[in-house]
Each structure stands twice: as C-alpha cells, then as structure tokens.
C-alpha cells in the first residue's frame with residue numbers, strides 16, 4: 001500500500017504531493033515500483049491546522065477519480081475517519097476506507113455496508129482524531145489491541161460490512177508509546193492468529209525514530225527491518241512511503257518463507 005498524501009504539512013514529504021499533478025506522478029511511480037494499493041490522504045494524522053470536510057474532499061477526490069480512470073487494476077484506499085468524505089470517495093471509485101481513528105465517526109460503518117467498500121479497523125486506545133498519546137498505559141498492549149480489533153471487526157460485520165473486506169490495523173504509534181509499538185511488532189503473530197487480515201503502517205514512524213534516535217528522513221533501514229518482521233509474522237498489507245524498497249523486502253521474505261519462487265534460479269544449475 002503506497003502512501004500518497006495531499007497534505008501541505010505531511011510529516012515526511014513536507015507537502016511534495018499537494019499539487020494534483022505531483023500526486024498523480026507519485027501514484028504512477030508507486031504502481032511502477034510494485035504497489036498493489038494506493039492510499040490517498042488529505043489530512044495530516046497528527047496535530048496541525050484544522051481541515052474541514054470540504055477541504056479534505058477537495059484534496060482527495062480528484063486523485064481518486066484520476067487514479068480510477070488511469071489504473072483499472074490498482075485498489076484505491078482513502079485515509080479518512082469522516083463518513084461524509086468516505087461516501088463521496090467510494091462513489092468516485094475508492095475500494096477501501098482506511099479509518100485510522102478507530103470508528104470516531106460511527107457513520108463509516110454504514111458507508112462501507114451500503115457501498116460494499118472494504119474497511120480498515122484500527123486501534124487508537126480511545127484517542128480522538130489528530131491527538132497524540134500522553135502517558136498511556138496497558139496491562140498487556142497486544143491483548144488489548146487484539147480484543148479491541150476483533151470486537152471492531154465483528155461489529156462491522158454485524159453492521160453489514162462484508163466480512164472478506166475487513167482488515168485490522170494495530171495502528172503503531174496511535175495511542176501508544178515506543179515500547180508498545182515495538183511489542184506489537186514483536187508479537188504481531190498474535191494478531192494474525194485472529195484470522196483477520198492484518199495491515200501494518202510502520203513507515204518512518206516515531207517508534208522507529210525513537211528506537212534509533214533518527215529523524216524521519218533517516219528511518220528507512222529501521223522501517224524495512226520492522227517490515228520484514230511484520231511480514232514474517234504474517235502481515236497481509238504493508239503501508240509504505242518507500243514502495244520499491246518495501247516491495248523487495250516483502251518479496252525476499254516471501255521467498256524465504258517458501259511462498260514465492262525466486263525470480264531466477266541459475267546458481268549451481270547451469
């Protein structure tokens with residue numbers, strides 16, 4: 001899943017894709033580099049200037065429409081917690097609602113149910129949108145996340161969301177400190193064991209930066225290490241800024257696991 005943010009205050013690219021043409025060029029590069037899904041966002045996840053629904057739509061809707069027209073086989077995800085935004089982008093061709101704020105708008109379930117769109121169920125420890133954790137505590141963060149996400153997924157099914165369209169996301173950093181995010185990565189197999197497909201959004205996040213004491217620009221190696229571990233544990237979708245490097249890591253992990261043949265195998269056989 002490639003990250004395409006049309007936000008002027010993106011924590012990583014600093015607004016590189018604010019212009020529509022730049023955003024579409026980024027989508028083309030991501031698809032060429034091996035992205036199966038493009039995730040389009042119009043609001044910075046963390047603190048920042050307010051963004052009203054109309055502005056969010058103005059940022060994401062043109063990208064959804066253009067990608068749907070140009071890339072018939074690419075799945076389109078929109079990173080939004082607002083049902084009004086989700087309803088419009090799904091009508092324009094989006095396939096997946098990436099709700100990173102854990103059902104803050106309960107209307108999202110109705111949008112996914114009525115449209116047939118897929119849905120990401122996330123975990124934020126009860127935080128409202130665009131807020132950071134402060135001294136959050138869990139007796140067992142993995143058990144808490146597993147129970148909460150399983151319950152969210154079942155609620156979505158009960159509301160009419162199609163079961164085969166639900167993913168669960170432990171949502172590293174959201175409502176969690178660095179120790180929590182590391183433990184979730186280490187024990188991701190316990191979430192995979194729920195049977196729900198697991199999405200991980202690890203790319204250049206603060207838990208990687210704090211672990212290595214590095215700014216966002218220098219977090220690629222840490223991101224790829226976390227990605228390899230998540231993939232080994234069975235993560236099904238990986239949300240990434242660096243698509244080509246991530247694609248190669250995932251292909252290598254799959255080949256080590258035995259679920260992907262090497263692209264070529266000549267050594268010792270000629």
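Throughout, read-outs are computed from the coordinates displayed, never taken from laboratory work. Worth saying up front: this structure is predicted, and the values here are computed from it rather than measured. A quick note on method: Cβ atoms are made from the backbone with ideal geometry, for glycine too, and the neighbour counts reach across all protein chains shown.
Here the peptides 191-202, 106-117 are ranked by packing, the mean other Cβ count within 10 Å, and the order with the highest first is 191-202, 106-117.
Exposure proxy for 221, 190, 139, 92: other Cβ atoms within 10 Å of each Cβ, ordered fewest to most, give 139, 221, 190, 92.
Separation of the range 127-173 from the range 50-75 is 25 Å, based on Cα centroids. Between residue 248 and residue 32, the contour length at 0.36 nm per residue exceeds the Cα-Cα span by 76.5 nm. Counting other Cβ atoms within 10 Å as a rough exposure proxy, the listed residues 210, 87 run 210, 87 from fewest neighbours to most. Cβ crowding within 10 Å ranks 120, 243, 31 as 31, 243, 120, fewest other Cβ atoms first.
One compactness figure for the chain is 0.97, namely its Cα radius of gyration divided by 2.2 N^0.38 Å. Computed over the range 77-256, relative contact order equals 17 percent, with contacts defined as Cα pairs under 8 Å that lie 6+ residues apart. Label positions at residue 130 and residue 157, each projected 7 Å from the Cα along the C-beta direction, are separated by 3.5 nm.
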